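Notes for the one structure printed next.
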Amino acid sequence: MPAPAGRARHVLAATAVAVAGALAVGTAVAAPSPAEAGSTLGRLAAAKGRYFGSATDNPTLDNAPYTAVLGSEFNQITVGNTQKWQYTEPSRGQFDFTQADRIVAFAQAHDQVVRGHTLVWHNQLPDWVNDVPAGELLGVVRNHISAVAGHYRGQVVHWDVVNEAFEEDGTRRQTVFQQKIGDGYIAEAFKAARAADPHAKLYYNDYNIDGIGAKSDAVYEMVKSFKRQGIPIDGVGLQAHLILGQVPSTVEQNIRRFAELGVDVAITELDIRMRTPRDAAKDAQQAQDYRAVVNACLAVTRCVGITVWDFSDGYSWIPSVFPGEGAALIYDENFAKKPAYWAVYEALGGTVTTDPPAGCAATYRVTAQWHGGFQAEVTVRNTGTTATTGWTVRWTLAQGQAVRSLWNGVLATNGQEATVRNAPYNGRLAVGAATTFGFIGSSTGTNPVPAVTCATA
Ligand code: 9MR
């Protein structure tokens, strides 16, 4: 994976100004790059009355660099796997909360609210559930919900009560619940969840319902009819597993129409995948896409929060399910913040400042001149905020200029381009410190002073 372009220090432009005799100054201008933030996504979201969270999974809780970010950056956690049926009721009537409890305890220790995920889903369902006779399945569903939501009563702010119950065309997915209980199973699940934890907000959660379309229309109609009938539904989760450059244009409109039905909306599983490897252009598009999603949520008061489906590209579900795709999250595998992170940060109201000009400035001075030849000295100064480990000065040779012999640097010429890197002994410059290199040159013309650029290694 290439280093995120946004943090690379490199030269954008250079100017040369001829002053007093044969003196020229090359000014290195650093690329804008976000400085370390004074806030976190969680704190910024909280200031807007929202949360910004991440899903997490048990294996990663043992990775210290990971938990350092998880525990500090977010104010909400979703249990990514271990509250699912396969973990919580692996055999009929036998409940096990050890793994999910660990995540909930982590969240509590870090002042993070928990979204519970998920009570009724056709995936990660133990085989035994498929074998329950039709006449017993509703009882089994109610018992499961009662035990799981009951165990976490008062500890989760939202429950994804039913997950992914619709097909793309808006018809009901033919799950074991649909086939054996019928259309009514969703309403029954919500009633059971309300009884088990009266304070948790109860959500219906699905993918590809982020914008307006047949599937989100079907969910909309269901919510409308639940509201009419007094079925206890409080929110709709838009998973938002999105594709680079394809954020639906109707996300805000969609959120708004659900809000107008009297339910909250949450972005529950946000990621934006791309063909890998990443590059600067894809990163920039991804940043724009993340920004669009955050803005759509912030535009509607009832959009209460945003959760990324884990935060680091190293722990995303995407590469294993979509071969050749990935890099969908806001931190890279090494927990470095990607441009998408900064876009979210800014959209949430954070101020993204730029580093002070990084690197170095170079000054080119002709110290002696004679017919057909000259001597020049270039001063390299560290104008950045950290010591340099190396530097590179470049300029264009004009009017028959050539470098004949050079000291205190390593010369490479390519046509008219002269590049001088530091010698092994003068690459390290403390902040504000300077060094010089010099050379004997030849010239067939007026020996103009070139524009020089300087970049740190
Ligand atoms: O991230 C989860 C992954 O670890 C599991 O293998 C997968 C199994 O289906 O479920 C993933 O999470 C899903 C979530 O529970 C519901 N929406 C889609 C998510 C990505 O598949």
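Every number here is computed from the coordinates shown, using simple stated rules; none is lab data. Nothing here was measured: the structure is a model prediction, and the numbers come from that model. Cβ coordinates were reconstructed from backbone atoms using ideal geometry, including for glycine residues, and neighbour counts include every protein chain displayed.
Brief remarks on what is shown
- Using only side-chain charges placed at the Cβ, +1 for Lys and Arg and -1 for Asp and Glu, the dipole size of the chain relative to its Cα centre rounds to 1300 debye.
- Check: region 266-387 dipole with +1 on Lys, Arg Cβ and -1 on Asp, Glu Cβ, in debye: 320
- Selection from GLY305, HIS371, GLN416, by position along the positive dipole direction of the chain (Cβ): HIS371
- Degrees, to the nearest 10: 280-298 long Cα axis against longest axis of the chain: 40
- Note: relative contact order over the chain, using C-alpha pairs below 8 Å and six or more positions apart, is 17 percent.
- Peptides ranked, highest mean first, by Cβ atoms within 10 Å: ranges 311-319, 72-80: 72-80, 311-319
- Full-extension gain in nm, ASP111 to GLN86, via 0.36 nm per residue minus C-alpha separation: 6.2 nm
- Here, the chain yields an orientationally averaged convex hull projection of 25.7 nm² when only Cα atoms define the hull.
- Straight-line reach from LYS191: taking Cα to Cα under 20 Å and skipping same-chain neighbours fewer than 8 places apart, the lysines in range are LYS84, LYS180, LYS201, LYS224, LYS227.
- For region 171-215, the residues whose amide N sits under 19 Å from a probe point set 7 Å from the Cα of THR250 along the beta carbon direction are 171-172, 205-215.
- Look at the alpha carbon pairs under 8 Å that are at least 6 residues apart: their mean separation over the length of region 58-156 gives a relative contact order of 32 percent.
- One chain, two ends: ALA434 and ALA134. Fully extended at 0.36 nm per residue, the span grows by 99.9 nm beyond their Cα-Cα distance.
- Paramagnetic reach from GLN124 in region 163-178 [backbone N under 12 Å; point 7 Å along Cα→Cβ]: 163
- Cα-projected label distance for THR446 with ILE243, points at 7 Å along beta-carbon direction, nm: 5.8
- Looking at region 349-455, the chymotrypsin sites (Phe, Trp or Tyr not before Pro) that sit in a DSSP loop and have at most 10 other Cβ atoms within 10 Å of their own Cβ are TYR425.
- Projected label points at SER320 and GLU333, each 7 Å from Cα along the beta carbon direction, are separated by 1.5 nanometres.
- Student exercise, region 35-145 dipole from Lys, Arg, Asp, Glu Cβ charges, in Debye to nearest 20: 440
- Label point at HIS371 placed 7 Å out along Cα→Cβ; residues across region 441-457 whose backbone nitrogen lies under 20 Å: 441-448
- Using a simple spin-label model with pseudo-atoms 7 Å out from Cα toward Cβ, ASP62 and THR385 lie 3.8 nm apart.
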